[in-house]
Each structure stands twice: as structure tokens, then as C-alpha cells.
Amino acid sequence: MQPLNSSTMIGATVAPGVIRPSYDRETLQASVVHLGLGAFQRAHQAMVFDRLLHAGDRRWAVLGVAMRSTTLADDLQAQDGLYAVQVASADGLAWHIPGSLVETCVAAREPSVVIAAIAAPATRWITLTVTEKGYGAPLAELLIEGLAARFEAGLGGLTIASCDNLSDNGRRLQRLCVDTAAQKNQALADWIASRCAFPNSMVDRIVPASTRDQRDAAAQALGLVDACALATEGFWEWVIEDRLSDPSDAQALRSAGVNVVDDVTVFEEAKLRMLNGSHTAIAVLGAVQGWATVAEGLQQPAVRSFIERLMTDIVMPHLQRPGLPEYRDALLARFANPALHHKVHQIATDSSLKIPLRWLPTLRDALRQGQELEPLAFAAAVWMRYLTAVDERGQAYAVSDPQAALLQSIVQSHAGDVPATVRALLALESIWGRDVGQDTPFRQCVTDWLTRIESSGSQAALATLLSAPHLPR
């Protein structure tokens, strides 16, 4: 069987209904530089840009930049940037081959290529999915070198859009770039601040990591070997602030289904707290109980009830997104989608970075207003149990977290002493903040739940939680 690439795709006997590029990819020039090449971008933004290319707007071809890993970038380069995406929706399965990714490279291996691409006259956008932990000095230096070359060449500014799960992500990225540039050249910093647009944005689509099963399914559907095949859900959402270097891009994006708005905040908060916050709760509970995937957990009525109660009673009272009940129901349906093999350990990765963004704002609101917080206190206790790195079936697993060594040393040093464990973990202000971490009633609540989990297991503790009345704190 031949590998997927531009020439074999043309001659291959592809299953009916597979959506393939109808435009001439050979003459496309990359005008979007994407930093953080991975599964999510390829199943989300790349497919949005593919829609625009299908509509005849040739300004959306992408250079995909992997930050460090070479394997994916090289595999995609060998396939001319082509890959298959299986989309699972209520209507069944459909296959797409997006064509918007026309080049790839690796920032750590070939930074000069990235810098030259940012400075290229054809470049109009930079997009980023570098994860929450990626917003540091290496990213800033890479961006500033490229923007400096662009500034020195007398070229116009760019739209630079963060698409990571960070509140106020556009402004954060702008501050990072402007502050870094100011240390080198104030004129450059002023140019970035005045000529480059940093819109806040919110993106949403569940994209599990690629698996052998997906690659095998792609081979059957395409009649070609695809080393980069993906699966995703039918649902997708991209909400972006109408703050763009080229104002005409707003209408172009709207034509492809993107929601261009004056204020992203209400959508961003709902996604972070409801989808991402629930995902983290599901992930640590699943890791502790020994599930493989999110959908496996949502098949259990108790788990579904827990997540529904978490969203309805704890999170939603503090949000303003329109249509919250419908959004909640859509999330529950998405979590339960059996076609998405979204692994709990993948979602639990970097939990010490995610909790401050996904749980902490809701906890602060609930504590300030004296509202119920039991489901989040339970989730916090499950997270502490997760840090033991052994599930309730006795199977060991790795805790993938930048603070893993510290977190696990705390758990081990206080083994058998639940109050001390809770006290030490909640004292980590980088995760819980001083206000929440030192709140005595919350600490006692978490202690009570971890005691139940340690003594009778998380399933029995969850049953106790669900049987309790929904009372204010």
C-alpha cells in the first residue's frame, strides 16, 4: 500500500464521500505561521482554513511549526502536509483530507526557517497552540526575532492569535511580546504594540491523540498509508475577538463558521470552567478508578450525574454565556461520544497548571458568595489521590506534570495522614492561590472527601456525594 501524498491521493481509489482538496495546492504560499503543530491544530484551525481555501480564498495556507518534536513534522512533510481526519458526529463517520498545511518545520532544529517565515511578505497571521506552559522566554525570543526581521524590512504588522486555554490569552501574548521587545529595542516594541493585533480567542474541539486504530481506519478508507491520521468529533467552535490586523479577515472567518465577536470573555470563561474544568475532574477520577477513556466514565450513571451537578450547581451560576443549559447538554453528549477514544491520562497531564485556570475561578466565586462547592472539593480530593500514581485496581501509572516530583514527594511524606496531606498540597499557592488554599472550611471539606476516598474508595465516596442534598455552604 502506498503512502498518502499529493501524487498518490490523485490516483488512489478513495472511499466515496471523502472530502479532498479541490484547489491547486502546488501554487499555494504559506501566509499563516502556526506555532505548536499537533493534533488539535490539524483537526481544528487547519480545517477552518481548508474551508476558506475551498471557497477560493488563497490567503490561508499554513506553515506548521513543531516546537521541539521532529517526528510529526517530518512525517507530515513526507506526506506533503496531507493527512486524514475521521469526524464522528450524530450523523455517523465522515473522512476529510484537509489541504491547508503546505509546509512543516521544527523550531528547535531550524529556528531560522521560522524567523524567515514570520518576516516573509506573504505572512499575514501567526497562530499558536503551544499549551499553557509554553508562554515563556523561548517562545517570546522566537517571536521577537521574527517580528524584528519584519520590522527592519519595513513590512506591515500581523494578527498574532493565541488559541491556548488561557484567560485573556491575546493580551497575555501581547504583553509577553512587547515586554520582551522593549528589552532590546523600544521602537520595535512600539511597532508591535501599534501594528500587530493580538485578539483574544477561544477554541474548542475534542481531538484525542492519534492511535494505531485511527491509522488503520484511514488506510482502509483511503487505500493509502497515513502516518498522521486523526479522529475528532463533529462539534467545533472558534470564537475570536474582532481585533485583527486586516479588518476584512473578520468576514472571511465568519464565512467559514468562526464566531467573530467584540468580547470573547463570556465564551472563554464558560469553556475553561465547564468543558476544561469538567475534563480535568473526569480525568483524575478516571485515572484513579482505572478507566481508559472519558467516554468509558460517562457510561456510568454516577459519573454523568457528578459532572452534570458540577456544571449545573457549581460552575454555571457564575457564568454569562448565552444558552448555558444547552451548552452543558452538548458537553455531556460530547464527553459520552464512544467514537472518541480520549484518554484520561492524556487529559490529566499538567494538572498543576490547569487547576488554577479551570477550577480556581469557580472556587473563588463560590467561596465569596457562600455557595455550594462540594463537587469541586470532591474533585480536589480525587486529584490528591491521583498523585499517588497507583489506581484503585493496583495499577501504577506516571503522573505527567511539571511539578510531579514535588507533588508526589508531598503525598509520600505524609502517607497515612490525610489532614497533613491536604494541608501541604493546598499550601501550594501556584496551584490553589493563598485565598482558596488557606480557606479553613474548604480545607476541611477536601480533607473529609479524601478521608472517605482513602477508606472506602472513590466510587463509594462519589455515591455519598450524589446522595447528599444540594445545600449552600
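Of all DSSP beta bridges confined to the chain, the antiparallel ones make up roughly 30%. Each Lys or Arg adds one and each Asp or Glu takes one away; over the other residues whose Cβ falls under 10 Å from the Cβ of residue 109, this sums to -1. Under 5 Å from the amide H of residue 165 lie the amide H atoms of 132, each residue being 5 or more positions distant or on a separate chain, with H modelled from the backbone and absent for Pro and chain starts. Which whole-angstrom value gives the distance between the alpha carbon centres of region 102-162 and region 308-359? Using only Cα atoms to place each centre, the spacing works out to 32 Å.
Which residues in region 338-382 have a backbone N closer than 19 Å to a point placed 7 Å from the Cα of residue 467 along the Cα-to-Cβ line? Those under the cut-off are 374-375, 378-379. Take residue 414, project a point 7 Å from its Cα along the Cβ direction, then tell me which residues of region 389-404 have their backbone nitrogen under 18 Å from it. Within reach of a label on residue 414, which here means backbone N under 18 Å from a point 7 Å along Cα→Cβ, region 389-404 contributes 389-390, 403-404. Along the Cα-to-C-beta direction of residue 364, a point sits 7 Å from the Cα; which residues of region 408-437 have their amide N less than 12 Å from that point? The answer is 432-437.
Residue-normalised convex hull volume from the C-alpha trace of region 316-419: 141 Å³ per residue. Most simply put, region 20-168 has about 25% antiparallel DSSP beta bridges, counting only bridges with both residues inside it. The residues neighbouring residue 378, those whose beta-carbon lies less than 12 Å from its own, together hold a net charge of 0 under the Lys/Arg +1, Asp/Glu -1 convention. The amide H of residue 67, built 1.01 Å from its N in the peptide plane, has 36, 37, 107 as neighbours under 5 Å, considering only residues 5 or more places off or on other chains.
Remark: region 218-227, residue by residue, has Karplus-estimated 3J(HN,Hα) of 5, 4, 5, 6, 9, x, 9, 7, 10, 6 Hz, where x stands for each Gly or Pro and the curve is 6.51 cos²θ - 1.76 cosθ + 1.60 at θ = phi - 60°.
Of the three principal axes defined by the Cα atoms of region 6-261, the extents in descending order read 57, 37, 33 Å.
Size of region 106-166: Rg and Dmax of its alpha carbons, in Å, are 11.6, 33.
What the phi angles of region 450-466 give under the Karplus curve with 6.51, -1.76 and 1.60, with θ = phi - 60°, is a coupling list of 5, 4, 4, 4, 5, 8, 10, x, 5, 5, 5, 4, 5, 4, 5, 4, 6 Hz, glycine and proline written as x.
When Rg and the Kirkwood Rh are both derived from Cα coordinates, the Rg/Rh ratio for the chain amounts to 0.98. With a Förster radius of 22 Å applied to the beta-carbon distance between residue 57 and residue 116, the computed FRET efficiency rounds to 0.35.
Charge tally around residue 60: other residues with Cβ under 15 Å, Lys/Arg +1 each, Asp/Glu -1 each, net +1. Of the peptides 344-353, 158-167, the ranking by mean beta-carbon count within 10 Å, highest at the top, reads 158-167, 344-353. Can you classify region 131-244 as rounded, prolate or oblate using the Cα gyration tensor, where a ≥ b ≥ c are the square roots of its eigenvalues, rounded means a/c under 1.5, and otherwise it's prolate if a/b beats b/c and oblate if not? Prolate. Computed over the chain, the per-residue total of -39500 (n - 2.57) for DSSP H runs of n ≥ 4 gives a 222 nm mean residue ellipticity of -14000 deg cm²/dmol, rounded to 500. Each DSSP beta bridge with both residues in region 6-261 is either parallel or antiparallel, and the antiparallel ones are about 25%.
Across region 433-440, coupling constants 3J(HN,Hα) worked out from phi with the 6.51/-1.76/1.60 Karplus curve, θ = phi - 60°, read x, 6, 5, 6, x, 9, 6, 4 Hz, and Gly and Pro carry x. All C-alpha pair distances within region 249-407, sorted into 10 Å bins from zero, spread as 10, 37, 34, 15, 4, 0 percent across the bins. Amide H contacts for residue 293 (H built 1.01 Å from N in the peptide plane; partners 5 or more residues away or on another chain; cut-off under 5 Å): 344.
Taken together, the values in this text are just the output of simple stated rules run on the coordinates, not laboratory data. Worth saying up front: this structure is predicted, and the values here are computed from it rather than measured. Note that each Cβ is placed from the backbone with ideal geometry, even for glycine, and that neighbours are counted across all protein chains shown.
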